[in-house]
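Following: one structure in structure tokens, then a few remarks.
Laboratory data are not the source of any read-out in this text; all were calculated from the coordinates shown. The structure displayed is predicted, hence computed values, not measured ones. Heads up, the Cβs are rebuilt from the backbone with ideal geometry, glycines too, and the neighbour counts pull from every protein chain shown.
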């Protein structure tokens, strides 16, 4: 597999991770083919291709403005909400192109959850924060089922013990780390199969970050996770695979160990050794 | 007056030149000036103009109050002397060490501060002007009767010594009318205002928004007297006709027409305030909801509107306050007859109508009917003040919580 | 996780989309309704008012001589006399006085018709005295009835004769009122805003001033009328009905508008401009005067124009300080009894004759045009000089 020359126009692109880690081919959950994104006149992504493997944590790293967040937001079509955005290429989810006309974006987002940079709990109670989506999606109708689901989701997010006595308290009364875990609990309550995380720990202190990282590690058994992070150590700690983005392209994509220990590209090496970015 | 200011200007210029010259001389001698030469000039000119203006203002105020003051030329001479003394003293003080700039700075500060007191004085003025007359009224009519009485029938009194035994000042029907018309107005304004704000901030493409917003503001810019004419000449007959279609009898001065028109008038207030409030809800909340698979309307109804609720509530309270105090529409389109009823098709009168009626007639200024207008004004002031304060504080809190 | 997930809308989702459509339709409906009111309002005013901009005129031979100066009604023929506005006959002596050459001549002139005739021909009233109708039809057949621009609407003062009533004295009154409001509320308003935004310490007292100003902006206008009546007129003895009394009262109403918009304009000037000026040794006031104010000026002017426009349309407080008196002549100075446009509209709206309905609507159209011009100026000013930081 040849990587794309940064200056050139080689047709071949990084697509599946160059891996030395596992001889077992894992199933591909999402596949991105030649994705290009324009915000108005400026192009943010230049034909990116990538496979997201099932039940793995894939980290996206790169300097600010490299397109990693844009890429992430294309995976559940959050970019559709932005005016003047043009998206070309193909993103498949279990083999279906999510940009195909028959695909319903609301339906799609219920299957691909997202956690944001800043914790954004709704101005509602802790209970309501989690019950909101299953209720509008019509997944749960009975009160007792809902109680069970709330408890289950909070437990999965490792928050249950801290909040079980004050489920009716506003979500905004929690600490930053708790708020972020509440948002994760909220996302998994609708039982998505992919979780997208956009720098989920950047607004948290180190202790809360450690808790959330541990949570991500536990969640990967059931979910496919794509995480954008600024923090290289974090990528090294949580991700099985890592993609390095630069100027709207993927420079290198491989299993995390080899990317950090034997980067193939000069750019990658410069970045991970802290020479720029 | 013209002479006064016309004379002051050249004098001040002379003072400026002299102050500056003295400073320049000092500078030429090699002394280090604290401030710029021109600032010494301004310093002297200010000290010269201030006493003159003060004397002029005092004289003018006294004249307006009817106090005997010396004839205009004497005042002028007085002012001139004051100016000369002030200017001379300031000029003597001009020396290199004088901190003219700091003095000017201080003067500017206190001038600006004084200006900001005018708004406080205005509020005080409103309170004083209402309270004194209202107290006179309550000396003649018991507060209890005023608040609970259901019969408002003042007998016109043209001379202060006339009998007033038959006058009744029960204000309940006036307030009933006011609340009825305001309620109709809010029923029109709140849903239309809030929903159009939702459309403009959540749905409308940029282009529609830039056209619709100023068009809505036109509604806010139409003078109330114009709305009053519209209500009286077009909407009232329309209400009567439509009521007749349903076999109902409506008065030509029914409460519905002014209520509807007032509602139209208030739409832009509610919509622009709600628009601000909705726009200040952080986008991250909306994204959070979309990412869970909400549709747009679900996001608006379940996340955005509940979060914006305090602000929208405050906007509505401001709208209510405006409706209660609105005058021209009801003066022109509502009735004059105090009428305690639930039927909006009947004619009703309001507090503001009665205030205008009590103060534009030919009654003596101290007649109970005139004083009653001030009593009504007092109640109106207290009620609207409460509503305004609550909504101002809620909006301030709301802004802070999302900043 | 191995079940294949369908991304096409489920039945439940289709139901949710219908709710979505209903909600969006409600929102659009609300906006459309508000716009419909606007359209209805303007068409109604134009429909009611356009006919007052032209007037019916009658061509007649007018004889000027000693007799007709004394008894003006004899200056035209008996058939024409009942059809012509009485205002014309009142003016005959003055016409001769101004132009002595007219004496002992006979002129063919277009004369303003009586309001009854005018209204009848415009189709506003069905009935006309049969005799008048007959002579009118005769004149029409001879081509002696025509229409002309109603110059009186703009250039005469108020009158109890509808065909002679105009807005001139209201224009002059409004102009004086504007001067007073501008002279008082602009300097005080801008000074207050500068104090609050640039100098005031952040303490309780400042907050009280701020809340007070926000409250003043929402105090019912009629209460300002009570203040004007009790303080300016009864206490300070400012002449009732005068432009000065009205101007003082409305100044206080306009003040909060100017303060709030000036503060917004000052706030929009970035902090680093102040810091930059102070860093090179300018004092606080110098920084404000030389750097902040020039940048904020367009915003301040915009706010002032909007405030003035509001004051021009205000009526309620003026009712209480007696500015609805019948004022046929334009005021000569600030203390003369005066009327203003909205007050004139109010007075006309209360007149019983049908002709005043059109006049009122025409007055409204004139007032609205004036306000639109003012506001458009404000908007243009804002767009022209607005800077994004």
Fill in the blank from the handout: Per the Cα gyration tensor, segment B:180-283 corresponds to an equivalent ellipsoid with semi-axes, largest first in Å, of 31, 14, 12
Problem - Semi-axis lengths (Å, descending) of the ellipsoid that matches the C-alpha gyration tensor of segment B:168-401 - result: 37, 21, 15
Exercise for the section: Can you pull the one-decimal nm distance between simple spin-label points at residue B:106 and residue C:11, each 7 Å off the Cα toward Cβ? Expected result: 8.5 nm
Practice task
May I have the pair-distance distribution P(r) for segment A:163-263, computed from all Cα-Cα distances with 10 Å bins from 0 and rounded to whole percent?
Solution key: 13, 42, 31, 10, 3, 0
Fill in the blank from the handout: Kirkwood radius from Cα pairs of chain C plugged into Stokes-Einstein at 10 °C, 1.306 mPa s, gives D in µm²/s equal to 62 µm²/s
Practice task
Note down the relative contact order for segment C:256-361 as a percent, whole number, built from C-alpha pairs under 8 angstrom at least six residues apart.
Solution key: 22 percent
Exercise for the section: For segment A:2-272, take the alpha-carbon Rg, divide it by the Kirkwood Rh, and send me Rg/Rh. Expected result: 0.98
Exercise for the section: Between residue A:33 and residue C:97, with labels modelled 7 Å along Cα→Cβ, what's the label distance in nm to one decimal, could you check? Expected result: 9.8 nm
Practice task
Find the relative contact order for chain B and round it to a whole percent, using C-alpha pairs within less than 8 Å whose residues are 6+ positions apart.
Solution key: 18 percent
Practice task
Give the calculated FRET efficiency between residue C:381 and residue B:238 to the nearest 0.05, with a Förster radius of 51 Å applied to their Cβ-Cβ distance.
Solution key: 0.85
Problem - segment C:210-331: radius of gyration and largest Cα-Cα distance (Dmax), Å - result: 18.8, 61
Completion exercise
For chain B, Rg(Cα) over 2.2 N^0.38 Å is 1.40
Practice task
Using a 10 angstrom cutoff on alpha carbons, build the Gaussian network for chain C and name the most mobile of C:287, C:296, C:378.
Solution key: C:287
Fill in the blank from the handout: Rounded to whole angstroms and listed largest first, the alpha-carbon spread of segment B:243-309 along its three principal axes comes to 55, 25, 13
Exercise for the section: Take chain B, connect every pair of alpha-carbon atoms lying under 10 Å apart with a spring to form a Gaussian network, then pick out the residue of B:149, B:38, B:170 with the largest mean-square fluctuation. Expected result: B:38
Exercise for the section: Multiply the residue separation of residue B:29 and residue B:386 by 0.36 nm, subtract the distance between their alpha-carbon atoms, and state the gained length in nm to one decimal. Expected result: 122.0 nm
Problem - Enclosed volume per residue, in Å³, of the convex hull spanned by Cα atoms of segment C:320-389 - result: 147 Å³
Practice task
Scale the Cα Rg of segment C:168-385 by the rule-of-thumb value 2.2 N^0.38 Å and send over the ratio, two decimals.
Solution key: 1.15
Practice task
Evaluate Rg over Rh across segment A:22-113, taking Cα atoms for both radii and Kirkwood's formula for Rh.
Solution key: 0.96
Practice task
May I ask you to derive the FRET efficiency for residue B:284 and residue C:202 from their Cβ-Cβ distance with R0 = 35 Å, giving the value to the nearest 0.05?
Solution key: 0.75
Problem - Isotropically averaged projected area of segment B:307-388, using the convex hull of Cα atoms (one quarter of hull area), nm² - result: 6.7 nm²
Exercise for the section: First measure r as the distance between the Cβ atoms of residue B:13 and residue B:245, then evaluate 1/(1 + (r/R0)^6) with R0 = 60 Å and state the FRET efficiency to the nearest 0.05. Expected result: 0.20
Practice task
Let me have the 222 nm mean residue ellipticity of the protein assembly as shown computed from DSSP H runs of 4+ only, each contributing -39500 (n - 2.57), with the sum over all residues rounded to the nearest 500.
Solution key: -19000 deg cm²/dmol
Fill in the blank from the handout: Note on the protein assembly as shown, DSSP bridge orientation, antiparallel percent to nearest 5 equals 70 percent
Problem - Fraction of beta bridges assigned by DSSP in segment A:2-272 that are antiparallel (%, nearest 5) - result: 60 percent
Completion exercise
Full extension between residue B:85 and residue B:53 adds, at 0.36 nm per residue less the Cα distance, a length in nm of 10.2 nm
Fill in the blank from the handout: From the Cα centre of segment C:350-389 to that of segment C:1-68, the distance in Å is 19 Å
Handout entry: Computed over chain C: relative contact order in percent, which uses C-alpha pairs under 8 Å that are six or more apart
Key = 20 percent
Handout entry: Calculated P(r) tail over 44 Å for the protein assembly as shown, as whole % of Cα pairs
Key = 54 percent
Completion exercise
For segment B:265-403, inverting the pair-averaged 1/r of distinct alpha-carbon atoms gives a Kirkwood value in Å of 17.9 Å
Exercise for the section: Write down the Å³ per residue value for the convex hull defined by the alpha carbon atoms of segment B:213-269. Expected result: 77 Å³
Problem - Spin-label pair residue B:128/residue A:165, simplified geometry with 7 Å Cα→Cβ offset, distance in nm - result: 5.9 nm
Completion exercise
Reduced to Cα centres, the span from segment A:208-277 to segment B:274-298 in Å works out to 31 Å
Completion exercise
Under a Gaussian network model of chain C whose springs join Cα atoms within less than 10 Å, the largest fluctuation of C:256, C:342, C:270 belongs to C:270
